[in-house]
Amino acid sequence: MNNDNQQAIDALKQVAMAGITEQRRSRRWGIFFKLASLLLFFFLVLAIISASVAKNSRLTAAKSYTAVIDVNGIILQGAEASADNIIPALQDAFEDKKVKGIVLRCNSPGGSPVQSSYIYNEIKRLREIHKDKKLIAVASDLCASGGYFIVSAADEIYANKSSLIGSIGVRMKSFGVVEAMQKLGIESRELTAGEHKAILDPFKPQKEEDKIFIEKMLATTHKHFIDAVVAGRGERLKNDPDIFSGLFWTGEDAKALGLIDGFGSDAYVAREIIKAKTMVDFNPKRDLFERLSKRVGTSVSGWFFESRSPSSPVLY
């Protein structure tokens with residue numbers, strides 16, 4: 001066999017081996033994608049079943065039970081602790097015939113006075129309609145400012161002795177960089193129509209009249225907060241001006257001031273106060289993708305709310 005024939009045979013062998021190798025590679029990728037598709041399908045089915053079980057969990061619960069609703073994190077439109085999420089859960093719980101009472105768990109530093117007021121007013125409305133069901137708030141680590149605004153509408157408030165309670169006040173953050181700009185030779189060239197449109201502009205000197213206006217607005221919002229707490233707590237509140245000063249206390253001191261009624265966890269309240277130890281979660285259920293998108297959205301909106309909106313009063 002001459003060299004030319006041998007080279008041709010070797011070339012054919014290489015082509016054949018390359019074809020076999022490519023077929024094997026394609027087969028492996030095919031198996032991989034089939035397994036990946038199968039796993040994805042499995043997880044989707046699992047998510048659907050989990051959501052269905054969660055949605056219908058109250059159907060398999062005890063003869064009567066305690067509904068549990070959370071006020072968790074910053075109270076803000078679009079956040080987990082928003083009126084759009086909490087109010088439907090409250091309505092659902094009060095209207096459920098098997099619910100003996102509601103535990104409103106609060107672990108929040110506060111947030112929007114508007115969202116807090118919406119939830120507060122709805123609690124008062126539902127309590128008036130469903131007088132046979134108690135709504136009892138349970139403070140966790142932190143129940144402050146807008147969080148306390150909400151729970152003050154409850155029949156009773158329980159907490160841990162080490163919980164932080166109170167902070168009944170309003171604040172608005174801003175800053176000024178006028179002197180720094182002057183040193184750097186920077187000037188603001190913002191144009192406005194309206195004498196006070198650029199109120200609290202950090203790049204311009206603060207006007208005394210603007211400061212007075214903002215303080216008056218904050219005082220009005222603070223009064224709304226105070227009125228709500230007084231209406232909710234009534235004569236249980238001690239006559240102490242510090243209560244409405246923005247200070248906050250441990251649960252032990254909060255009880256002495258009448259800000260809470262006793263000590264206990266959500267399980268204690270369900271078992272000993274409501275007398276229905278089985279607790280059923282009435283919080284809105286979301287799928288995995290919605291939870292992730294909500295978490296990202298809340299983080300961004302919370303940052304914007306806190307650092308970019310100095311013109312919004314905050315119970316926080």
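The dipole here belongs to the stretch 68-160: it is taken about the Cα centre, uses +1 on the Cβ of Lys and Arg and -1 on the Cβ of Asp and Glu, and is about 300 debye. For the peptides 204-212, 103-111, 184-192, 276-284, residues were scored by their other Cβ atoms within 10 Å and the scores averaged per peptide; the highest-first order is 103-111, 276-284, 204-212, 184-192. Cβ crowding within 10 Å, taken as a proxy for footprinting-reagent exposure, orders VAL151, VAL114, VAL138 from fewest neighbours to most as VAL114, VAL138, VAL151. Each label was represented as a point 7 Å from its Cα along the Cα-to-Cβ direction; for GLU195 and LYS238 these points are 4.7 nm apart. Taking other C-beta atoms within 10 Å as the exposure proxy, LEU247, LEU142, LEU38 rank LEU38, LEU247, LEU142 from fewest upward.
Loop-located chymotrypsin sites (Phe, Trp or Tyr not before Pro) in the stretch 114-218 (DSSP state other than H, G, I, E, B) with a sparse environment of at most 16 neighbouring Cβ atoms within 10 Å: PHE175, PHE203.
Label-to-label distance, ASN121 versus ALA267, with points set 7 angstrom from Cα along the beta-carbon direction: 3.8 nm. Among rounded, prolate and oblate, which fits the stretch 101-141 when a ≥ b ≥ c are the square roots of the eigenvalues of its C-alpha gyration tensor, a/c under 1.5 means rounded, and a/b larger than b/c means prolate? It comes out oblate by the Cα gyration axes. The residues ASP96, ASP132, when put in order of fewest to most other Cβ atoms within 10 Å, stand as ASP132, ASP96. For the listed residue pairs LYS161/LYS285; LYS63/LYS134; LYS100/LYS131; LYS173/LYS216; LYS124/LYS173; LYS100/LYS277, the alpha carbons are over 20 angstrom apart in LYS161/LYS285; LYS124/LYS173.
Laboratory data are not the source of any read-out in this text; all were calculated from the coordinates shown. This one's a predicted model, so the numbers in the text were calculated from it and none came from an experiment. With ideal geometry, Cβ positions are generated from the backbone for all residues, glycine too; neighbour counts draw on all protein chains shown.
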